[in-house]
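The values are calculated or read from the model by the stated rules, or taken from the named source; none is laboratory data. Nothing here was measured: the structure is a model prediction, and the numbers come from that model. Positions of Cβ are generated from backbone atoms using ideal geometry, with glycine treated the same way; all protein chains shown enter the neighbour counts.
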Amino acid sequence: YTQIFGCRASMPISRVTVSQSLTCLSPKARAFVERSVALCQPEHVHVCDGTDSEADMLLKAMQDQGTITPLPKYQNCWLARTDPADVARVESRTFICTKRERDVVPAAKLGKKSALGNYMNIPTYEKAVGDRFPGCMRGRTMYVIAFSMGPVGSPLSKMGVEVTDSAYVAYSMRIMTRIGNRVMEVMREKDEAKVVKCLHSTGSKGIAGWPCDPQRTLILHRPSENEIVSFGSGYGGNSLLGKKCFALRLGSVLARREGWLAEHMLILGITDPEGNKRYIAAAFPSACGKTNLAMMTPTLPGYKIECVGDDIAWMKFDSDGVLRAINPENGFFGVAPGTSEETNPIAMASIFKNTVFTNVAETEDGGVWWEGMTKDPGTLTDWKGELWDSSSTTPAAHPNSRFCTPANQCPIIDPEWESDEGVPISAILFGGRRPTGVPLVVEARNWRHGVFMGATMRSESTAAAEHNTKVIMHDPFAMRPFFGYNFGDYLKHWLSMNKSNREMPKIFHVNWFRKDDQGKFLWPGYGENCRVLDWVLRRCDNMNCFTETPLGLVPSKGALNTDGLGEIDTDALFSIPKDFWLQEADAIEKYFRDEVGSDLPNVMWEELDGLRSRLLA
Ligand code: SAT
Ligand code: MN
């Protein structure tokens, strides 16, 4: 017997059939695969080469298993219906495993359940793996996917190997990451000690339909071993381990160690009417419009937006002191509901070929539909496979239904989106869904004030995780579900980025979602958001177009271009109700005290004092 992931395993690799010799893997990746085989005991190992014929094989396997059905209305598009108990990330079953709890959980919450940092100790981790994985792939195929997060071979990229018993995961990883022979080649040449090991199983004895085991789902991260273990769920963020698990949770740990930033941010390129091009990164929580902003069709004449990424940014200051960002992903895993020709025509032009749709509704002519797509869809098959028409009382598509589409199909994909050195970032936006009290846009006075803005972000909950009611939740940096280490240390890391020889991006807080007393949105959003970006860019040029407020800098009267917008109540959009903000300050104090405690950098308390005294002045 050998010890694997802390438990006994017995099957030698010589007992399984393999699609291609494991020598195509680097020695460490190969050792990981062999350990995983011994543990999970599959019948066959398929090492993904990334070819088109392999894609056809995966599609056929999924159709035979009843995991996907074709959507004949489009070219190479597929519909997957999940088990209704496996539709989103499960934050309550997602843990970071380290020796010391303090590495993950801020001081205030040690030994208690925290909203920041779900901790599991090593013995519990080893038992959890030992209870689930031995023999879990018996009689089935293990897919081995070598993948690169970021352009293959770029100094800003990182590589991983995922083993999984899900053809859906293998196929989706082809879209969301760069995979196959070219990655394995680089892996063999490069320092492979850093390759992230990702073990995934649906946890199901069979493969029919949507295999999963929601009762026993666990998503575990072990930063010290560069290891991710996921069991029981086939759904996006739980199973495509390059995405949230690697690029954000492990990524944030690596970023801290190596002096860069791994963030839940879109990246867009924006060209102004003078032809000046800049890049902006923006952090909003899941299902708050990152994809829509990243692909915006600007309404202001002369502006052009190009998309680098819609979910994750890896950013590092270069030797000239410029913050450079890459999108580590290769595709979009976007929220379908609400996507339409009106709200996001660019997404609509991207997603109707080579796409896997998950949990959307199906039209009678073999197309897809979701709430907000068109007015009258006729009779549908809903996401659970039941007949649906406009008299139905449940949504046709699950609110967290998704499209999974290659990024290079986006008609406005930025020419630099795969550049090795990344794109230069001029501004960083934070934002969320705030129906009351929070202005359309506020600029931070300086870097540390901007870090405070990120730390104090709040947003209405969405369907992207297992939260069911609309409550205003704290979601610092839109990273609450994705921190790989102690949030207090994360704040110190952000503060340490500020150095005199660097061109620090300006930081802003935006809120497209403010409502009036009747519950109507005060701002049209979508393509009109370029008016906010227009002001942001003028501020990046240090133009005098702002006024000071207790929250930070806002556009001076008339400085936000609202030409041709019709009735916009800018007073209401920018009002700063004193009582609301004093309560907000109290909520922030409570959050800092209860959730972070002595791990909070003092600078954050100073910023909170500053906010209060400006409100009371
Ligand atoms: O489910 S995912 O984590 O892939 C998407 C999201 O919640 O942002
Ligand atoms: Mn996301």
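Pairs please, first residue from the stretch 324-342 and under 19 Å from ALA262 (Cα atoms), second anywhere and within 11 Å of ligand 1 (Cβ to nearest atom) and assigned to a strand (DSSP E or B), Cβ atoms under 8 Å, 6+ apart in sequence or on different chains.
GLY331/CYS404; PHE332/CYS404; PHE333/ARG402; PHE333/CYS404
Can you tell me which residue in the stretch 260-310 is nearest to GLY334 (Cα to Cα), limited to those that are among the acidic types (Asp, Glu) and under 12 Å from the mean Cα position of the chain (by Cα)? Spell out the reasoning first.
Of all residues in the stretch 260-310, those among the acidic types (Asp, Glu) come to 263, 272, 274, 306, 310.
From what's left, under 12 Å from the mean Cα position of the chain (by Cα): 263, 310.
Numbers: GLU263: 17, ASP310: 8 Å.
Only one residue fits best here, namely ASP310.
Looking only at the stretch 451-502, filter to residues that are assigned to a helix (DSSP H, G or I) and among the small types (Gly, Ala, Ser); which one of those is farthest from ligand 1 (Cβ to nearest atom)?
From the stretch 451-502, those assigned to a helix (DSSP H, G or I) are 451-455, 476-478, 487-496; that's our starting set.
Retained after the next criterion (residues that are among the small types (Gly, Ala, Ser)): 454-455, 478, 488, 496.
On the way: GLY454: 17, ALA455: 20, ALA478: 9, GLY488: 24, SER496: 27 Å.
Filtering first and then ranking leaves SER496.
Which of the residues that make up the stretch 480-522 are in contact with an Asp or Glu (Cβ under 7 Å, 6 or more places away or on another chain) and within 16 Å of ligand 2 (Cβ to nearest atom)?
Scanning the stretch 480-522 gives a single hit, PRO481.
Name the single residue, out of those in the stretch 383-410 being touching a Ser or Thr at 6+ places or on another chain (Cβ under 7 Å) and part of a loop (DSSP other than H, G, I, E, B), that is nearest to MET348 (Cα to Cα).
Filtering first and then ranking leaves CYS410.
Out of the stretch 147-190, which residues are of a type in the set (S, T, N, Q) and in contact with a Pro (Cβ under 9 Å, 6 or more places away or on another chain)?
First, pick out the residues of the stretch 147-190 that are of a type in the set (S, T, N, Q): 148, 154, 157, 164, 166, 172, 177, 181.
SER148, SER157, SER166, THR177 - these are the residues of the stretch 147-190 that are of a type in the set (S, T, N, Q) and in contact with a Pro (Cβ under 9 Å, 6 or more places away or on another chain).
Looking at the stretch 400-419, which of the residues that are polar (S, T, N, Q) and more than 16 Å from ligand 2 (Cβ to nearest atom) is surrounded by the fewest Cβ atoms within 10 Å (Cβ to Cβ)? Before the answer, list the steps.
First, pick out the residues of the stretch 400-419 that are polar (S, T, N, Q): 400-401, 405, 408-409, 419.
After this cut, where a residue has to be more than 16 Å from ligand 2 (Cβ to nearest atom) as well, the list is 408-409, 419.
Details: ASN408: 12, GLN409: 17, SER419: 15.
Here the answer is ASN408.
Go through VAL163, VAL195, VAL169, VAL144 for me and flag whichever is within 23 Å of ALA38 (Cβ to Cβ), touching a residue at least 40 places away in the same chain (Cβ under 8 Å) and within 18 Å of the chain's Cα centre (by Cα). So that I can check it myself, show each step before the final result.
Working: VAL163 fails: within 18 Å of the chain's Cα centre (by Cα); VAL195 fails: within 18 Å of the chain's Cα centre (by Cα); VAL144 fails: within 18 Å of the chain's Cα centre (by Cα).
That would be VAL169, the only listed residue that is within 23 Å of ALA38 (Cβ to Cβ), touching a residue at least 40 places away in the same chain (Cβ under 8 Å) and within 18 Å of the chain's Cα centre (by Cα).
Here are some residues: TRP512, TRP605. Which one is touching a helix residue (DSSP H, G or I) at 6+ places or on another chain (Cβ under 8 Å), surrounded by 13 or more Cβ atoms within 10 Å (Cβ to Cβ) and more than 27 Å from ALA287 (Cβ to Cβ)? Don't jump to the end; show me each part of the working.
On the way: TRP512 fails: more than 27 Å from ALA287 (Cβ to Cβ).
Of TRP512, TRP605, the one residue that is touching a helix residue (DSSP H, G or I) at 6+ places or on another chain (Cβ under 8 Å), surrounded by 13 or more Cβ atoms within 10 Å (Cβ to Cβ) and more than 27 Å from ALA287 (Cβ to Cβ) is TRP605.
Taking the stretch 229-279 on its own, how many of its residues are among the acidic types (Asp, Glu) and within 13 Å of ligand 2 (Cβ to nearest atom)?
Step one: filter the stretch 229-279 for residues among the acidic types (Asp, Glu), giving 258, 263, 272, 274.
Retained after the next criterion (residues that are within 13 Å of ligand 2 (Cβ to nearest atom)): 263.
Of the residues in the stretch 229-279, 1 are among the acidic types (Asp, Glu) and within 13 Å of ligand 2 (Cβ to nearest atom).
Please tell me if ASP376 is away from ligand 2 (no atom under 16 Å from the Cβ), at pLDDT below 95 and of a type outside the set (S, T, N, Q).
On the way: away from ligand 2 (no atom under 16 Å from the Cβ): yes; at pLDDT below 95: yes; of a type outside the set (S, T, N, Q): yes.
When the stated conditions are applied, ASP376 passes them.
Inside the stretch 135-180, can you point out the residues that are among the hydrophobic types (A, V, I, L, M, F, W, C) and either assigned to a helix (DSSP H, G or I) or within 15 Å of GLU43 (Cβ to Cβ) (or both)?
Here is the first cut: in the stretch 135-180, the residues among the hydrophobic types (A, V, I, L, M, F, W, C) are 136-137, 142, 144-147, 149, 152, 156, 159, 161, 163, 167, 169-170, 173, 175-176, 179.
Answer for the stretch 135-180, where residues must be among the hydrophobic types (A, V, I, L, M, F, W, C) and either assigned to a helix (DSSP H, G or I) or within 15 Å of GLU43 (Cβ to Cβ) (or both): CYS136, MET137, MET142, VAL144, VAL163, ALA167, VAL169, ALA170, MET173, ILE175, MET176.
Restricting attention to the stretch 287-302, report how many residues are under 22 Å from GLY564 (Cβ atoms) and free of Cβ contacts under 8 Å to residues at least 40 places away in the same chain.
Looking only at that region, the number is 2.
Just to check your reading of the model, which residue among PHE357, PHE317, PHE352, PHE332 is touching a Lys or Arg at 6+ places or on another chain (Cβ under 6 Å) and either surrounded by 14 or more Cβ atoms within 10 Å (Cβ to Cβ) or farther than 28 Å from MET149 by Cα (or both)? Walk me through it before giving the result.
Working: PHE357 fails: touching a Lys or Arg at 6+ places or on another chain (Cβ under 6 Å); PHE352 fails: touching a Lys or Arg at 6+ places or on another chain (Cβ under 6 Å); PHE332 fails: touching a Lys or Arg at 6+ places or on another chain (Cβ under 6 Å).
Residue meeting the stated conditions: PHE317.
Yes/no per residue for (1) away from ligand 1 (no atom under 16 Å from the Cβ); (2) within 18 Å of GLU528 (Cα to Cα); (3) aromatic (Phe, Trp, Tyr):
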position	(1), (2), (3)
LEU268	yes, yes, no
ASN276	yes, no, no
ILE280	yes, yes, no
PRO285	no, no, no
THR297	yes, yes, no
GLY309	no, no, no
LYS316	yes, no, no
GLY321	yes, no, no
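Can you name every one of the strands (runs of 3 or more DSSP E) wholly within the stretch 196-235 that holds 1 or more residues which are within 15 Å of ALA170 (Cα to Cα)?
Numbers: elements: 196-201, 218-222, 227-231.
Strands (runs of 3 or more DSSP E) meeting the threshold: 196-201, 227-231.
Counting only residues that are out of contact with any helix residue (DSSP H, G or I) (no Cβ under 6 Å at 6 or more places or on another chain) and within 16 Å of ligand 1 (Cβ to nearest atom), how many does the stretch 251-266 have? Let's see the steps before the verdict.
Our first condition is that a residue be out of contact with any helix residue (DSSP H, G or I) (no Cβ under 6 Å at 6 or more places or on another chain); within the stretch 251-266, this holds for 251-252, 254-255, 257-260, 263, 265.
Retained after the next criterion (residues that are within 16 Å of ligand 1 (Cβ to nearest atom)): 251-252, 263, 265.
Residues that pass the stated criteria total 4.
Within the stretch 595-609, work out how many residues are in a helix (DSSP H, G or I), in contact (Cβ under 8 Å) with a residue 12 or more places away in the chain and of a type outside the set (A, V, I, L, M). Lay out the reasoning, then the answer.
As a first pass, look at the stretch 595-609 and keep what is in a helix (DSSP H, G or I): 595-599, 602-609.
Still in the list and also in contact (Cβ under 8 Å) with a residue 12 or more places away in the chain: 595-599, 603-605, 607-608.
Keeping just the survivors that are of a type outside the set (A, V, I, L, M) gives 595, 597-599, 605, 607.
Qualifying residue count, the stretch 595-609: 6.
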